[in-house]
Amino acid sequence: MSLPDRATVLAAPFADIDMAPPAVSVERRPDGSLLLRSPVKLAEAPRSVPDMLRKQVRDNGHRVFLAERAADGAWRRATFSDVGRAVRSLGAALLARGCGRERPVCILSGNSIDHALVSLGAMEVGVPAAPVSTAYSLMSQDFGKLLHVMRLLTPRLIFVDDSTAYVSALAALRRHGLLDGVEVVVGRNPPTDLTTTPLAALLATPPDAAVDAAFAAITPDTIAKILFTSGSTGLPKGVINTHLMMCSNQQALAQTYRFLAARPPVLLDWLPWNHTFAGNHDFNMALYQGGTYFIDEGKPAPGLIERTIANLRDVAPTVYLNVPRGFDMVIPFLERDAALRDHVFSQLDLILYAGAALPQHLWERLEALSVAATGRRITMVSAWGSTETAPAATAVHWRIDSAGIIGLPIPGTDILMTPNAGKMELRVRGPNVTPGYWRDPEKTRDAFDAEGFYRIGDAGKLFDPDEPAKGIVFDGRVAEDFKLSSGTWVHVGALRVAAIAAAAPVIMDCVVSGHDRGEIGLLVFPNPAGCVALAAGATPATPIADLIGRPEVRTRLAQGLATHNRAQTGSSTRIARALILAKPPGIDANEITDKGYINQRAVLEHRRADVERLHAETPGPDVIIVGP
C-alpha cells in the first residue's frame, strides 16, 4: 500500500480541534534559573474522584463508561450508573472489613472492569487503593518487589482478579506471613488451597449510612491511591496520590484540551493502571469528561499485539494514547491494511504519546497514515510528568511538526528550570504534586528543594529561548548523563532517540555507554519484527540469537549509525561501537518496567561484562565498529 510522500503530508491541512493557545509567563532569576507558569488560572476542580463519578451518574448515567472483552469475545460493558451502584456496595463492604487510611486495599490484577470497581469503591469511602504491577507477580522469579510492596503497604484486603495467574505469587506471600490478617477477595477462579472471598459477595453488600458519612468526610488532601515507582534506583517507592492531585490535573487538562468537552473521548488503552499514565491520566480523562474507556487486553509484544489490532477493528478511538513502543508495533499493521487504517483514523481527534520520546520516523509514518486515511494531518502532541505529578506537569496543546517538545506548564503548575551539570534541571510545584512517599519521610524530604519544588530528575531546554511559548524540549535525565575521558558531557536522552531513528528498524531500545572512556558505545536491544523484515528467509519463529548475527541486520545497524555520525561535529554525539544483545532486559534486575521503559543505569550495572566486551581494546567479532 503506497502512502503519500513527506512533501504531500506537510502540504496537507491539520484537522481542526479546539485547544488552548500556547502561552507562558517567564521569571528570569539571577542564578540563570527560569520559573515558568501558565498565565491561565486553574479553575475550581472537583473535590474528589468519587465526586467526578457521581456527577457522571447524574448527567450521563446511561452512557457506557467501561468495556472489556468477555471470555466469549463479546464486549462486556458497564454504564456510569452500573459503576456507581457497584462502587457504593463495595465501599460499604470495605468499611465493614476494617479497611482504612492505614490499612489500604491492594489490587493484584491487570486492567479490568472489576479492578476499576474495587479501586473506585475504595476511593468512595476514603480508603487508599494500591494497584501493584502485574509483573511483580507474573514475570518475577523471586517476587522480591512484591514482598517489599506488601510489607510497606500492610493492606487489610487484597483483590485478585483471576487467581489462576497469581497462584505462585499468593503462595510466596503466604510463605512470608504476608497474608496473615489479610482478606483475599477473588474475582474468578478461586484457589483450592487458600480461603478467599468472592468479589460477588462484596458487590451484594447493601450501601448504608456509613458509606455516605465516609464519602462526606473526604477532602482534597485525602489519599486516593498509592502508586509505586518502577524501582529504577532501588526498591519501589509508594507515591501518595491525593484526590487534589488527580482532580486538579484533570481540570487543567480540560482547560488545555478544550475539544474534549464537546465530544467525550473514546479511548482504547492497554497501558497498565498501576502506572500513572493510564491509571490517572487516561482513566480519569474518561471519567472526568464522561467518555468511554475500552480496555485493550493486548500489548506491544509478539503474540499480544494481534489482540490490540483486533480491538482496533472494533473500536475507533477519538483520542489515541500510547507510548512509542506501542505505536511502533501498531504502525506496520496500519500500513498494510487500508481498511484498518481508515477505521482507526475515522474518528480520531488527537494522538498523544508520553513516557519516552517518539522517534521522528514513527511521527512521520503516523502523519502519512493520517493523510492517506483522511486527507488531513492528525494533531500529535506529548505531555510530561511522573507518578509524583499525577501525572501531567506540562502539555503540548498546539500543532507541532516534529517530536521532542513536551509542552508548557499546565494551569496551576510551576516549572523551575535551574542550571545543573551543564543542563537545565526541571522541577515541579503545584496542586498536582505528591505530598510525599508512603511511610518514608527521609525520601520525602530528599525529593523537594527549599522552595517546595519536586526534584523530578529530568532536564529540559526551551525550543526557542527568544520565544518561550514555543515550548520546552525534553533533554534527558540529569543522572543518566556522563562525561567521556576528555571531560566532554554525553547527553544520553537525545543520543538514544537519535540512534533508534538512525538505525530503524533494528533497534527496539538501546543504552548508551562510555563513562570515563574515550568513545561512546551502544548496547542494543533488537526489534525482532524489524530484524525479521531485514533478514532473508527469517520468520517470527527465528531465534533472536540467529537474527542478530545475520549480515543484513548488522549491516543496517552499522550503516544507520554511520549516517548519524557523519552529521555530528564532536565526540559527545558520535557512536563508535555497538553490541546487539540477545538477552532481553529483565524486570527483576530493574532493567525494564512493565510498560517497556529501559533503565539505563540498571542495564549498565547488571551487564558490566557486556560493557567491557563492547569497549575492549581488541573487540571481538560480535562488536560492530561504526564508521565516521
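Each value in this text was obtained by applying a stated rule to the coordinates, not by laboratory testing. Source: prediction; values computed, not measured. Quick reminder, even Gly has a Cβ in these numbers, built from the backbone with ideal geometry, and neighbours come from all protein chains shown.
The figures follow:
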read-out	value
Cα shape, the chain, gyration tensor, a/c 1.5 rule	rounded
Among beta bridges that DSSP assigns inside the chain, antiparallel share in %, nearest 5	60 percent
Dipole in debye (nearest 20) - region 155-256, about Cα centre, beta carbon charges: Lys, Arg +1; Asp, Glu -1	320 debye
Gyration tensor verdict on region 1-107 (Cα atoms; rounded if a/c is under 1.5, prolate if a/b is larger than b/c, oblate otherwise)	oblate
Total formal charge among the other residues, if their Cβ is under 15 angstrom from that of ALA316, Lys/Arg +1 and Asp/Glu -1	-3
Rounded to 10°, Cα long-axis angle of helix 80-96 versus longest principal axis of the chain	70 degrees
Loop-located chymotrypsin sites (Phe, Trp or Tyr not before Pro) in region 422-531 whose Cβ has at most 16 other Cβ within 10 Å (DSSP)	PHE463
Crossing angle, helix 551-566 versus the chain [Cα axis fit, 0-90 degrees, rounded to tens]	80 degrees
Using alpha-carbon coordinates, inclination of helix 305-314 to the longest axis of the chain, degrees	60 degrees
Pairwise Lys count, the chain - Cα closer than 12 Å, eight or more residues apart or different chains	5
Burial ranking of peptide ranges 83-89, 40-46 (average Cβ count within 10 Å, highest at the top)	83-89, 40-46
Value of relative contact order over the chain, rounded to a whole percent, pairs C-alpha under 8 Å and six or more apart	13 percent
Peptides 176-182, 220-226 ordered by average Cβ neighbours within 10 Å, highest first	220-226, 176-182
Positive-pole candidate from PRO465, GLY436, TYR454, dipole of region 418-469, charges at beta carbon	GLY436
Phi to ³J(HN,Hα) by Karplus 6.51 cos²θ - 1.76 cosθ + 1.60 over region 184-199, Hz, x for Gly, Pro	9, 10, 10, x, 7, 6, x, x, 8, 10, 8, 6, 9, 10, x, 4
Contact order normalised by residue count of region 482-625, Cα under 8 Å, 6+ apart, percent	25 percent
Mean projected area in nm² (Cα convex hull; one quarter of hull surface) for region 189-234	6.8 nm²
Counted charge near GLN360, where neighbours are those whose Cβ lies closer than 14 Å (Asp, Glu -1; Lys, Arg +1)	-1
Relative exposure of THR205, THR242, judged by other C-beta atoms within 10 Å (fewest first)	THR205, THR242
DSSP-defined beta bridges in region 493-628 - what % are antiparallel, rounded to 5	65 percent
Net charge over other residues, Cβ less than 14 angstrom from the Cβ of LEU170 (K, R count +1; D, E count -1)	-3
Unit charges at the beta carbon, dipole of the chain: most positive-side option, PRO324, ILE400, VAL9	ILE400
Mean residue ellipticity (222 nm) of the chain, computed from DSSP H runs ≥ 4 via -39,500 (n - 2.57), nearest 500	-9500 deg cm²/dmol
Farthest toward positive dipole pole in the chain [+1 Lys/Arg, -1 Asp/Glu at C-beta], among LEU426, VAL125, LEU348	VAL125
Within region 427-511, GluC sites (Glu not before Pro) in DSSP loop having at most 16 other beta-carbon neighbours inside 10 Å	GLU451
Cα-centre dipole for the chain with unit charges at Cβ (Lys and Arg positive, Asp and Glu negative), debye to 20	160 debye
